[in-house]
Amino acid sequence: MVLRNVTETNEEKPLFQLFFLKNNEEQSIEVVEVEEIDFTEVKKRLERGESVFITLKRKQELDLSQVARGDTMGPWYFSHV
């Protein structure tokens, strides 16, 4: 059995992430984090031709076993991007 040290961040708010995909030349995206969804705003955005994606914001976990503890073995890098 392997034990891991996991620390949860104490972020209870916001609960939802709203992604507004704008219908413009740049195809820009606006991300809004809220506790309550304003469906009037969502409807207005849809009427303007934007796409809307709504998701729950998940709790973030920090896995301390992946964090360097000061005794690094040397430089490291990503071989593929």
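All of Phe53, Phe39 fail the test of being among the aromatic types (Phe, Trp, Tyr), at pLDDT 85 or above and either in contact with a Cys (Cβ under 9 Å, 6 or more places away or on another chain) or surrounded by 11 or more Cβ atoms within 10 Å (Cβ to Cβ) (or both), apart from Phe53. Scanning region 1-32 for residues that are of a type in the set (Lys, Arg) and at pLDDT 55 or above, we see that the one that is surrounded by the most Cβ atoms within 10 Å (Cβ to Cβ) is Lys22.
The values are calculated or read from the model by the stated rules, or taken from the named source; none is laboratory data. As the structure is a prediction and not an experimental result, all values here were calculated from the model. With ideal geometry, Cβ positions are generated from the backbone for all residues, glycine too; neighbour counts draw on all protein chains shown.
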